[in-house]
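K.L.:
My questions will all concern the structure given below.
The values are calculated or read from the model by the stated rules, or taken from the named source; none is laboratory data. Here the structure is a predicted model, which means the values were calculated and not measured. So basically every Cβ, Gly included, is an ideal-geometry build from the backbone, and we count neighbours across all protein chains shown.
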Amino acid sequence: MPAYNVEKYIGEAIHSVKNQSYENWELLIVNDGSTDRTKDEILKFDDFRIKYFKQENQGVSTARNFALRHMQGDFFCFLDADDLYSKDSLNSRLKVFLQEKHVIIVDGRVEIRDIITNKLIRVYQPDFKGNALSQFVRLNEKCFFGPSCMIKRLPNINYTFKEGLSHGEDLLFYISIANEGLYSYTTDLVMTYRSGNNSAMSNLQGLEKGYHDIYYELKKMQAISSSDLEIYKKKAISIMFKSYLGNGHILPAIKVLFRSQFK
């Protein structure tokens, strides 16, 4: 769990881990240079399974990499400090690993709710099984939402996020390991994703930059086909156009269509 200036929400996030029906977990929290009372909220919890670390502000990928280097478990997953796990989140995903031997990534149902009103915005339910490399690259919503995947830890793999990405670091991470095994899912609710904790315009600009940065990384990967890369580009442009337009930013939407930086 990376944490940066989340004093309002992190207590609920930690509680959602403590309340898991599956109890053999460890929670590694990396305080990424918070300037509010995030540290105080974390240290209110007295549980040997919760491990607290701190670093200077370097971003979510650096924080996650720090935790990945210190984890002990055979399976791992991520929880942002303003989101929540359902009570059976860990147990539901672990059951799939036990039932499907060749699976290395397990996803699940996610509720997206407004962080202020708690109003349900939409529900994400994965609907794909198999090698997900092509599906991830194509931004297929049947198997990619974001931080809701659990991963089986394999020997001799250095699990690392690309540092410096503003957005999409989880997508690139999953793409980097997708060929190591299969993807599956549970229909159980595993997470409540709380939306609205960022400035809309700055978030969209960061998202657009993230899509561009990922595109350049994908071009370096021999396992990515040219057809999948082209679909990624078209899908990313479409998403950004609709996102800008939906938020009333007409000029940036037009620029995405006619001055795209994908080359």
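K.L.:
Of the conditions (1) surrounded by 15 or more Cβ atoms within 10 Å (Cβ to Cβ); (2) out of contact with any helix residue (DSSP H, G or I) (no Cβ under 6 Å at 6 or more places or on another chain); (3) modelled with pLDDT of 95 or more; (4) in the same structural domain as E12 (by TED's automatic domain parsing), I231 fails just one. Which one is it?
P.N.:
(4)
K.L.:
Among the residues that make up segment 136-153, is at least one of them more than 20 Å from L79 (Cα to Cα), in the same structural domain as V6 (by TED's automatic domain parsing) and aliphatic (A, V, I, L, M)?
P.N.:
yes
So that you can scan it fast, the table gives a plain yes or no per residue for (1) under 20 Å from the mean Cα position of the chain (by Cα); (2) in a loop (DSSP other than H, G, I, E, B); (3) not hydrophobic (A, V, I, L, M, F, W, C):
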residue	(1), (2), (3)
H15	yes, no, yes
V30	yes, no, no
E41	no, no, yes
N57	yes, yes, yes
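K.L.:
What helices (runs of 4 or more DSSP H) lie completely within segment 149-263 and have 3 or more residues being in contact with a Leu (Cβ under 7 Å, 6 or more places away or on another chain) and not aliphatic (A, V, I, L, M)?
P.N.:
In segment 149-263, the matching helices (runs of 4 or more DSSP H) lie at 200-219, 226-246.
K.L.:
From the list D83, D74, exactly one residue is surrounded by 20 or more Cβ atoms within 10 Å (Cβ to Cβ), assigned by TED's automatic domain parsing to the domain that holds S16 and of a type in the set (D, E, K, R). Which is it? Give the derivation first.
P.N.:
Values: D74 fails: surrounded by 20 or more Cβ atoms within 10 Å (Cβ to Cβ).
Exactly one residue qualifies, and that residue is D83.
K.L.:
Still on this structure: Would you mind telling me which numbered condition in (1) of a type in the set (D, E); (2) surrounded by fewer than 18 Cβ atoms within 10 Å (Cβ to Cβ); (3) assigned by TED's automatic domain parsing to the domain that holds F144 E169 fails?
P.N.:
(2)
K.L.:
Have a look at K119, K129 and point out the one that is touching a strand residue (DSSP E or B) at 6+ places or on another chain (Cβ under 6 Å) and surrounded by fewer than 18 Cβ atoms within 10 Å (Cβ to Cβ).
P.N.:
The conditions single out K129.
K.L.:
Then there is this: Against the conditions (1) buried (at least 19 other Cβ atoms within 10 Å of the Cβ); (2) among the hydrophobic types (A, V, I, L, M, F, W, C); (3) within 20 Å of N5 (Cα to Cα), where does I105 fall short? Just the number, please.
P.N.:
Failing condition for I105: (3).
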